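The values are calculated or read from the model by the stated rules, or taken from the named source; none is laboratory data. What you are looking at is a predicted structure, and each value in this text was computed from that prediction instead of being measured. FYI the Cβ positions are ideal-geometry reconstructions off the backbone, even for glycines, and counts take in every protein chain you see.
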Amino acid sequence: MKSPNEVLSVSQLNRQVGEYLSSSFPQLWVSGEISNFTSAASGHWYFTLKDDRASVRAVMFRGRAQAVGFTPRVGEKLEIRAGVTLYEARGEYQLQVELMRRAGRGDLHAAFLALKDKLVADGLCDAARKRSIAPVPVTVGVITSLAAAALRDVLTAMSRRAPHVRVVIYPAAVQGAEAAGQLRAALANAIERNEVQTLLLVRGGGSLEDLWSFNDEALARMVAASPIPIISGVGHETDFTLVDFVADLRAPTPTAAAELACEARTSCLAQVRSLVQAMRAQQQRQLTLSALRLDRAVGRLISPAQRLAAQRTHLRQVVQGMRRSLTQLTRQRAQLLMRLSQQLTRALPEIGPRQRALEALQRRLEQAWARQVDQRHARLISAEQTLRALSPQHVLDRGYAIVMDAQGGLVRNALDLQSGDPLSLRLSRGSAQVEVLQVTADAPEVPSQE
């Protein structure tokens, strides 16, 4: 038992506290969600075990870690058997893990998987939807925090690989409650300004909680819908966020994102040099071919005096040929005209006899026509007389009348009438209205029309 007045150094105090913890807390099972996981080069595992109200650091040495059979992932829920020790150099207590087993996944990881499945179902993670990155951009945009080491990594890589490419920074928080909203606002600003060919969405590594703003569903959908191709470079190579799945290209680190954003200046210069050499070689081939064509053309070229002399000779030959052709054509046409004149003379009929025959036929036609007119006129007069004799008016002129009843119908039989019936009589001149006084059955004798 130490004396209460004894003065201890910090090292002595931490050692005694460590001994007390080791003796007071034998190995026990502890459950929690893993975060800040690091696998050191030595093979040791360092991580934090937490629940919704507290956290504790833990270490699992290489020999024990190799027997676990799996590598823990950030966000998983684990059950560990560990002893409580004190890390004397910093005065922090920690769990020294002996055994580890899965106890289900953490709430954040479960939410991450649910959001990922939703985005996959909506087709936002399809490779066919994603666009290719411009290999030689003029301007590249970077969305990250101004204080982030990721920004320095990107600017260093860009200045080293592509100093000719302009970099535009759209600042936004990359961690904390307001980070997701600021990232969305920065992305919307970059899209509206439309001044870059490629966007880099980057930040350094961290726990699942630190990277959670990059798992925002609204941000992921904005990244998928962006008209500007986006490269995500969030965390380390083992870190994955929702924007990694919907971005057009995922880089394992911010530096890798900068390298993927554009071709290296040396590579571009080498391509330009190669193209210039190819162009020079093509130009030389074209000059050589042109020189050969020029030599052949010069060999076929004659002097203007020689060409004019040849053309004069050709012209004289053409004129002589035309004269010969014209003389021959004139002679042929004269002969043809003579033959046609002779044929016409032989084929010309005797006009005198035919003229006399035509005059005789004309006289006969006139006589026949006069006889036809006289005959037709006589038949017309006879028909006119017959028509006049048969006309009802002619009958009325001889003293007859047409009798009609009150309805205007003709009365032919006296037996159809009764005493008192009104009748209408149509005479040769005018008409009269009468009334039947008596009806007799005897028909009167019709006088002869002769």
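Selection of the stretch 10-45 for residues being of a type in the set (Phe, Trp, Tyr) and farther than 19 Å from Arg102 by Cβ yields Tyr20, Phe25.
Set side by side, the residues Arg193, Arg161 differ, and just one is under 29 Å from the mean Cα position of the chain (by Cα) and either surrounded by 16 or more Cβ atoms within 10 Å (Cβ to Cβ) or more than 28 Å from Leu113 (Cα to Cα) (or both), which is Arg193. Among the residues of the stretch 137-147, those that are outside any strand (DSSP E or B) and under 19 Å from Ala190 (Cα atoms) comprise Pro137, Val138, Ser145, Leu146.
Scanning the stretch 348-361 turns up one or more residues that are more than 30 Å from Leu417 (Cα to Cα), in a loop (DSSP other than H, G, I, E, B) and among the acidic types (Asp, Glu). Among the residues making up the stretch 203-261, a single one is free of Cβ contacts under 8 Å to residues at least 24 places away in the same chain, aliphatic (A, V, I, L, M) and over 19 Å from Ala190 (Cβ atoms): Ala256. A Cβ distance below 8 Å, combined with a sequence gap of six or more or placement on separate chains, defines the contacts here; from the stretch 9-36, residues that are in a strand (DSSP E or B) reach residues that are of a type in the set (Phe, Trp, Tyr) and at pLDDT 75 or above in the pairs Ile34/Phe47; Ser35/Phe47; Asn36/Tyr46; Asn36/Phe47.
Restricted to the stretch 227-248, and to residues there that are under 28 Å from the mean Cα position of the chain (by Cα) and in a helix (DSSP H, G or I), the residue that is surrounded by the most Cβ atoms within 10 Å (Cβ to Cβ) is Val246. Does Arg161 satisfy being of a type in the set (D, E, K, R), assigned by TED's automatic domain parsing to the domain that holds Ile191 and in contact with an Asp or Glu (Cβ under 9 Å, 6 or more places away or on another chain)? Against the criterion (of a type in the set (D, E, K, R), assigned by TED's automatic domain parsing to the domain that holds Ile191 and in contact with an Asp or Glu (Cβ under 9 Å, 6 or more places away or on another chain)), Arg161 qualifies.
The residue that is farthest from Glu217 (Cα to Cα), among those in the stretch 164-179 that are of a type outside the set (Val, Ile, Thr) and crowded, with 21+ Cβ neighbours inside 10 Å, is Tyr170.
Of all the numbered requirements in (1) in contact with a strand residue (DSSP E or B) (Cβ under 6 Å, 6 or more places away or on another chain); (2) loosely packed, with under 13 Cβ neighbours inside 10 Å; (3) within 19 Å of Asp248 (Cα to Cα), Leu146 misses one, and that requirement is (3). The residues in the stretch 123-151 that are under 17 Å from Phe214 (Cα atoms) and not assigned by TED's automatic domain parsing to the domain that holds His236 can be counted, and the count is 2.
Within the stretch 254-277, identify whether any single residue is acidic (Asp, Glu), exposed (fewer than 13 other Cβ atoms within 10 Å of the Cβ) and outside any helix (DSSP H, G or I), and answer yes or no. Within the stretch 254-277, not a single residue is acidic (Asp, Glu), exposed (fewer than 13 other Cβ atoms within 10 Å of the Cβ) and outside any helix (DSSP H, G or I). Within the stretch 185-216, the set of residues being farther than 19 Å from Arg250 by Cβ, of a type outside the set (A, V, I, L, M, F, W, C) and in a helix (DSSP H, G or I) comprises Asn189, Glu192, Arg193. If the condition is being at pLDDT below 80 and either aromatic (Phe, Trp, Tyr) or surrounded by fewer than 10 Cβ atoms within 10 Å (Cβ to Cβ) (or both), then the stretch 413-450 contributes Ala441, Asp442, Ala443, Pro444, Glu445, Val446, Pro447, Ser448, Gln449, Glu450.
Table: residues versus (1) farther than 30 Å from Leu260 by Cβ; (2) among the aliphatic types (A, V, I, L, M).
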{"position": "Lys50", "(1), (2)": "yes, no"}
{"position": "Ala54", "(1), (2)": "yes, yes"}
{"position": "Ala58", "(1), (2)": "yes, yes"}
{"position": "Val74", "(1), (2)": "no, yes"}
{"position": "Ile80", "(1), (2)": "yes, yes"}
{"position": "Thr85", "(1), (2)": "yes, no"}
{"position": "Ala128", "(1), (2)": "no, yes"}
{"position": "Arg131", "(1), (2)": "no, no"}
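In this entry, Asn215 passes the filter for residues that are within 22 Å of Cys125 (Cα to Cα) and touching a Phe, Trp or Tyr at 6+ places or on another chain (Cβ under 7 Å). Filtering the stretch 77-92 to residues that are modelled with pLDDT of 85 or more and not aliphatic (A, V, I, L, M) leaves Lys77, Glu79, Arg81, Gly83. Here is a check on your reading of the model: is Tyr20 of a type in the set (Phe, Trp, Tyr), touching a strand residue (DSSP E or B) at 6+ places or on another chain (Cβ under 9 Å) and modelled with pLDDT of 90 or more? No; evaluated as a whole, the condition is false for this residue. Checking each residue in the stretch 174-184 for being out of contact with any strand residue (DSSP E or B) (no Cβ under 9 Å at 6 or more places or on another chain), at negative phi and part of a loop (DSSP other than H, G, I, E, B) picks out Ala177, Glu178. Please determine whether any residue of the stretch 137-157 is within 30 Å of Val10 (Cβ to Cβ), modelled with pLDDT of 85 or more and either of a type outside the set (A, V, I, L, M, F, W, C) or within 38 Å of the chain's Cα centre (by Cα) (or both). Checked against the condition, which is being within 30 Å of Val10 (Cβ to Cβ), modelled with pLDDT of 85 or more and either of a type outside the set (A, V, I, L, M, F, W, C) or within 38 Å of the chain's Cα centre (by Cα) (or both), the stretch 137-157 yields no hits at all.
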